[in-house]
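S.K.: Before we start, here is the structure in question, set down as structure tokens.
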């Protein structure tokens, strides 16, 4: 990572000096076009060819542990006819990387593959033209392997590095180049080891927490333990700085209600943040844990129809069987293993921020008004942190580091404490769902209705809010509300109505996207209704779904997961096989997030005496179009299903007394290794189809499968998750 006191030359000047320097050595100097991003309409923005016949790929998507930096390198190497050992992916940096948007909604491959493939194909075409001139042969007679070009019938060869190394392409990115046909792929579509894993496995990977800046101070934020309603923020009534007088070398820094401490020694900063006596204004009351969903259901809402077709009332009148199901979904935390961290060096006319953000350009936009600088004066560099699974505290930590640096007049490394991370997260919002669906005598779905109560996401980070920026929600959009793809969208239903009941976001906890936003709740309710209708119609759940799906891709994942799990026809429980006092159940589910197709099967055990639910095995199938790296996607499916098991059984943010109470791993437990289910990933490869998201698309399916397995084991439908022992015992005894 480049120290903020060292300034890079513009990329094109740097290329003229030598490709190796571009990767390995920071150079001193400054030029007028330092601000970035570079022009995405130029090939040089995407690729650089070096004299040693290697290449550097520039992308705007960051590596979050999902393997996309390996996948996009595969795409570029494929089009360039290079080996994976010949291509490097540059660190993401607002001054050096193209702006491809944020790394969320499983977008890195979905959006990035076409861009990278076209850029690499155009670069290859230019290189082949240069080679044709050098070798005196038409392009049609040239062949290239590992960046070495040869002409038919000639022993002469030339490499990419000899043709262009150390010089720019100086070529517009037209987007018109012809990419390879899939029949010629050597890399794309095949499993390739992830490049980031060896260092992580060996414990030598450099995460954001390991970074240091010359002359930096260590910082900690000071906030109440646990947030209250988003709109309330946290108002300071008084600060007693004498409470830390015994800690020499500590500075207390404040802007509005944003409060922090810095010190040259990190342990001093930690001690000071805990010891500093602050009296905070009492926040307005939030409903307690048991009153939350009742308040949401009874609140005045902004109602909007997400989808409506057919004649719903007539559809229900024609039905033979009608079933309903409710879902009470909790707030759930991102709960990163390592609390977030960021580094900043803010000067009067420039700033450098190193952060583990999902969107370096989005963070730069939010920092500009906070620091009183133009966006062009701020440079954001990405450094990987702990897994994020959505919008967690990374931007909040970056803003805090930047504010502390500006107030201190020195570089600052700010790391959150565990109670900051858990207590001031942007949680996946709570949800109340009510679904009603019906079938005809032939077992065909004829009507479906879903009502969802939830609030939207927070737009302003806590650090900015505490400085005086007014809290504000994101404009209501699709992923924040009822998802037509997940709320019955995989089935052929003539009469449908989906309604969003929007709650005022400022009255509840801070919210943001959490992996597969709200989809677990939708499928928890919707897929239970499907199983209930199958039971009413006397049909096997698999056969019932097959009967009501016309889309070949949904049928593909459904059949693939059923085959992998060796599904045997059954009419849904209660018909579990008991072994002693433990009940056993199996369930099936379908679901997705925004575009791909997911299916899952779950096997579970339920101990009625203790209420303990154990998920023993999960199968997950995904159709995400053409899969660039099947090994990456298999790992993604495994991670999705393990995280879904944790969220369905354990994870729930608790709030009482007006504030969040889930501040550590005891009050917010997650799945332990000893309880991890056996997971079988299944990929439905779709040659010829575009690549789509694969980072969250089996989670909703697994949530539905787990809920249906519980009914299969017990004969009881749960209307709330997580399935804690207390709730299970209460439901079974009722």
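Where a number appears in this text, it was derived from the coordinates with a stated rule and is not lab data. A quick note: this is a predicted structure, and the numbers were derived from the prediction, not measured. Backbone-built Cβ (ideal geometry, glycine too); neighbour counts: all protein chains shown.
S.K.: Gain in length, residue 182 to residue 299, computed as 0.36 nm per residue apart minus the alpha-carbon separation, to one decimal in nm?
M.R.: 36.8 nm
S.K.: Given points 7 Å out from each Cα along the Cα-Cβ axis, report the residue 667 to residue 152 separation in nanometres with one decimal.
M.R.: Rounded to a tenth, the inter-label distance reads 7.3 nm.
S.K.: Short version: what are the Cα gyration tensor semi-axes of segment 584-734, square root of 5 times each eigenvalue, largest first, in whole Å?
M.R.: Values: eigenvalues 174, 67, 33 Å².
Those come to 29, 18, 13 Å.
S.K.: Sticking with the crude label model, points 7 Å out along Cα→Cβ, report the distance from residue 167 to residue 734 in nm, one decimal please.
M.R.: About 7.6 nm separates the two model spin labels.
S.K.: Moving on to the next point. Cα centroids of segment 225-269 and segment 276-326: how far apart, whole angstrom?
M.R.: Taking the Cα centre of segment 276-326 as reference, the centre of segment 225-269 is 37 Å away.
S.K.: Once segment 256-374 is represented by equal point scatterers at the alpha-carbon sites, with solvent omitted, what log10 I(q)/I(0) does the Debye formula produce at q = 0.10 Å⁻¹?
M.R.: Taken in order of the listed q values, log10 I(q)/I(0) reads -0.71.
S.K.: Next question, about the same structure. For segment 11-202, what is the relative contact order in percent, using Cα pairs closer than 8 Å and at least 6 residues apart in sequence? Present the calculation step by step, with values, prior to reporting the outcome.
M.R.: Values: 306 pairs, mean separation 56.3, N = 192.
Taking the mean separation of contacting Cα pairs over the length of segment 11-202, I get 29 percent.
S.K.: Which semi-axis lengths, in whole Å and largest first, follow from the square roots of five times the eigenvalues of the Cα gyration tensor of segment 588-671?
M.R.: Equivalent ellipsoid semi-axes, largest first: 29, 18, 11 Å.
S.K.: Relative to the compact globular guide of 2.2 N^0.38 Å, what is the alpha carbon radius of gyration of segment 308-369, as a ratio?
M.R.: Cα Rg divided by the expected 2.2 N^0.38 Å: 2.37.
S.K.: Once label points are set 7 Å from the Cα along Cα→Cβ at both residue 674 and residue 52, what is their separation, rounded to one decimal in nm?
M.R.: Output for this residue pair reads 4.9 nm.
S.K.: Sorted by mean Cβ packing within 10 Å, highest first, what order do the peptides 199-210, 147-158, 691-702 take?
M.R.: 691-702, 147-158, 199-210
S.K.: Still on this structure, please answer the following. Please compute the alpha carbon radius of gyration of the chain, then divide it by the globular-protein estimate 2.2 N^0.38 Å. Two decimals is fine. All intermediate terms of the calculation are to be shown ahead of the outcome.
M.R.: Numbers: Rg = 27.5 Å, N = 734, 2.2 N^0.38 = 27.0 Å.
In units of the 2.2 N^0.38 Å rule of thumb, it is 1.02.
S.K.: Oh, and also: Using alpha-carbon positions, what is the distance between the centroids of segment 666-734 and segment 424-479, in Å?
M.R.: Using only Cα atoms, the two centres lie 20 Å from each other.
S.K.: Here is a follow-up. Could I get the Rg over Rh figure for segment 11-202? Both from C-alpha atoms, Rh via Kirkwood, rounded to two places. Walk me through the numbers on the way to the answer.
M.R.: Values: Rg = 16.5 Å, Rh = 17.2 Å.
Rounded to two decimals, Rg over Rh is 0.96.
S.K.: Roughly how far apart, in whole Å, are the Cα centres of segment 511-540 and segment 161-198?
M.R.: 41
S.K.: If you don't mind, another one. Normalised by the residues of segment 96-237, what does the relative contact order come to in percent, with Cα pairs under 8 Å and at least six apart?
M.R.: The normalised contact order for segment 96-237 reaches 17 percent.
S.K.: At 0.36 nm per residue, minus the direct Cα-Cα distance, what do residue 279 and residue 324 gain on full extension? Give it in nm, one decimal, please.
M.R.: 11.4 nm
S.K.: Quick check on the chain: helices-only [θ] at 222 nm, where DSSP H runs of length 4 and up contribute -39,500 (n - 2.57) each and the sum goes over total residues. Nearest 500, please.
M.R.: Values: 19 runs with 211 residues, N = 734.
Value at 222 nm, helices only, nearest 500: -8500 deg cm²/dmol.
S.K.: Now for a different question. Using 0.36 nm per residue of separation minus the Cα-Cα distance, give me the extension gain between residue 472 and residue 311 in nm, one decimal. Can you show the working numbers first?
M.R.: Details: separation 161, 0.36 × 161 = 57.96 nm, distance 3.74 nm.
Length gained between residue 472 and residue 311: 54.2 nm.
S.K.: Let me ask something else about it. Can you tell me the relative contact order of the chain? Whole percent, Cα pairs under 8 Å, sequence separation 6 or more.
M.R.: Relative contact order for the chain comes out at 14 percent.
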